[in-house]
């Protein structure tokens, strides 16, 4: 089943096509990778899916329903959560409150504050931050702030999670931990769409990969197919 | 040693005691001066606390208080002759609320200094519109407001004060308080975790305007004669900001203490040292902002720690 589907998705910034006529789909339960050189339009595509930007033309469907034109908070409540390329945790709030906010506003049904706290504690345990629940988020390391963003996104009970460069800036150990976390999330039944520059990570965890270049889709397939695709290799290695 | 009062019951008890004192004050206060002074201090507290409800957590610096306050004043001038006082005050609050919702819907997409300038523009715009209206259409220059005695003004202001404090307290404690704070930190992230940022901002902006309008409506009755220049005094847009920073916005009582001390100091300096008033006042403000970035209440934890440390040393 297709969780997310895009048809001829197009967005211009001034005269420049940031994303141009991109067709894509993400299947239920898969980890779908989005790669491409800087400025390829990956984050723009994320912003279009999550409602931060409005498309020029084309259509995006989530679970068969059109979500283009909806506000970010509406898209979130339908079940699409995201993290940010540059971390945007609420730094002056304790870690637990960051997650609580997701639970209180991101889900269509309201819950009691005791149940919310219990669930938030569970999520912090899931991402490995239980020891820091009372720490102000700004005092966490980058790797932990990224985990917190994941926990906050998971708190909104998503069907689809968009991860924007989760591994950027992490050391090799942290990258390995992050890869493990991504598979753990998928094992919970959440579909993942991730932008990543760390090739080792993307080749290991993704089921399928799409490559963007200058806003256009140039390749799509399994990690093996992408690694042997001539155009992709040319773009990445400049041959 | 066993404590007679636990810390938990101490604070509400103290607040209740202060409130009872304030409520019974007119029964034993000698002369009207103390009531007039207290009503003025309460007015500043109401303006500052209601300003903090919205601008404190979100970081959107609104310079619109004078506009809402002025709308309240004109409500009293126009409706004061036909409606009872209580209805006039409520109307002042409601009209300000509606105006704030309208203005909020248009302007809350602006950020930072643009929002501040626009909200200040609102004060000037309404003033000029009223002047135009009064001169070309009604051919008047100002209006008389039905006079109300000082004790009534004092009680109504006390009522508004209690209402604004309760509102600020409950918003702060609710999940919307948390949402406002998240908007102040990363509005984009707040929207993407399901917070309807536009609605939360516009409604909170509206709620904060209610108390400013109500305060304007009751204060108008003290001035008896008003015109657009009196009603839309731009200073009243800046004072709440200064008072909130002066007191410190980290705690709910910060703006209260800030406004109270600020207003009282102003009164004291103005009556005792009229020539040095602005100079002294300026120096106090500069010192507070330089050395107490968290405002006056930022001092309390510092002193508390010092005192607690001292006690531990002596045992």
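The values are calculated or read from the model by the stated rules, or taken from the named source; none is laboratory data. This structure is a prediction, so every number in the text was calculated from the model and none was measured. Note that each Cβ is placed from the backbone with ideal geometry, even for glycine, and that neighbours are counted across all protein chains shown.
Of the residues B:190, B:215, B:209, B:163, which is surrounded by fewer than 17 Cβ atoms within 10 Å (Cβ to Cβ) and at pLDDT 95 or above?
B:163
Given the criterion under 16 Å from the mean Cα position of the chain (by Cα), under 30 Å from residue B:199 (Cβ atoms) and surrounded by fewer than 24 Cβ atoms within 10 Å (Cβ to Cβ), identify the matching residue among B:53, B:61, B:45, B:41.
Within the list B:53, B:61, B:45, B:41, the selection yields B:61.
Go through region A:57-78 residue by residue and tally those that are assigned to a loop (DSSP other than H, G, I, E, B) and at the interface with chain B (Cβ under 8 Å from one of its Cβ atoms).
Of the residues in that region, 1 qualify.
Quick test for you: out of B:77, B:100, B:91, pick the one residue that is in contact with a strand residue (DSSP E or B) (Cβ under 8 Å, 6 or more places away or on another chain), touching a residue at least 60 places away in the same chain (Cβ under 8 Å) and assigned to a helix (DSSP H, G or I).
Of the residues listed, the single one that is in contact with a strand residue (DSSP E or B) (Cβ under 8 Å, 6 or more places away or on another chain), touching a residue at least 60 places away in the same chain (Cβ under 8 Å) and assigned to a helix (DSSP H, G or I) is B:77.
Can you tell me which condition residue B:23 does not meet? The list is (1) closer than 15 Å to residue B:240 by Cβ; (2) touching a helix residue (DSSP H, G or I) at 6+ places or on another chain (Cβ under 7 Å), and all the others hold.
So residue B:23 meets the others, but not (1).
A quick yes/no check of all residues on (1) at pLDDT 90 or above; (2) assigned to a strand (DSSP E or B); (3) under 15 Å from the mean Cα position of the chain (by Cα):
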{"position": "A:192", "(1), (2), (3)": "yes, yes, yes"}
{"position": "A:202", "(1), (2), (3)": "no, no, yes"}
{"position": "A:210", "(1), (2), (3)": "yes, yes, yes"}
{"position": "A:217", "(1), (2), (3)": "yes, yes, no"}
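Does region A:79-94 hold any residues that are more than 9 Å from chain B (Cβ to nearest Cβ) and over 15 Å from the mean Cα position of the chain (by Cα), and which are they?
Across region A:79-94, the qualifying residue is only A:94.
Any idea how many residues of region B:222-235 are assigned to a helix (DSSP H, G or I) and either buried (at least 24 other Cβ atoms within 10 Å of the Cβ) or within 14 Å of chain A (Cβ to nearest Cβ) (or both)?
Residues in region B:222-235 being assigned to a helix (DSSP H, G or I) and either buried (at least 24 other Cβ atoms within 10 Å of the Cβ) or within 14 Å of chain A (Cβ to nearest Cβ) (or both): 1 in total.
Given the structure, is residue B:215 outside any loop (DSSP other than H, G, I, E, B) and away from every other protein chain (no Cβ under 14 Å)?
yes
Kindly provide the set of residues from region B:138-160 that are out of contact with any helix residue (DSSP H, G or I) (no Cβ under 8 Å at 6 or more places or on another chain) and either under 17 Å from residue B:213 (Cβ atoms) or modelled with pLDDT of 95 or more (or both), ordered by number.
Hit for region B:138-160 is B:159, nothing else.
How do the helices (runs of 4 or more DSSP H) wholly within region B:109-211 filter down when requiring 3 or more residues that are within 14 Å of chain A (Cβ to nearest Cβ): which remain?
Passing ranges, in order: B:175-185, B:187-192.
When you scan region A:36-45, how many residues do you find that are crowded, with 19+ Cβ neighbours inside 10 Å and either within 10 Å of chain B (Cβ to nearest Cβ) or assigned to a loop (DSSP other than H, G, I, E, B) (or both)?
Residues in region A:36-45 being crowded, with 19+ Cβ neighbours inside 10 Å and either within 10 Å of chain B (Cβ to nearest Cβ) or assigned to a loop (DSSP other than H, G, I, E, B) (or both): 3 in total.
I need a count of the residues in region A:53-88 that are in contact with a strand residue (DSSP E or B) (Cβ under 9 Å, 6 or more places away or on another chain), surrounded by fewer than 20 Cβ atoms within 10 Å (Cβ to Cβ) and within 17 Å of residue A:102 (Cα to Cα).
Of the residues in region A:53-88, 1 are in contact with a strand residue (DSSP E or B) (Cβ under 9 Å, 6 or more places away or on another chain), surrounded by fewer than 20 Cβ atoms within 10 Å (Cβ to Cβ) and within 17 Å of residue A:102 (Cα to Cα).
Please give the number of the condition residue A:130 fails out of (1) at pLDDT 95 or above; (2) over 27 Å from residue A:40 (Cα atoms).
(1)
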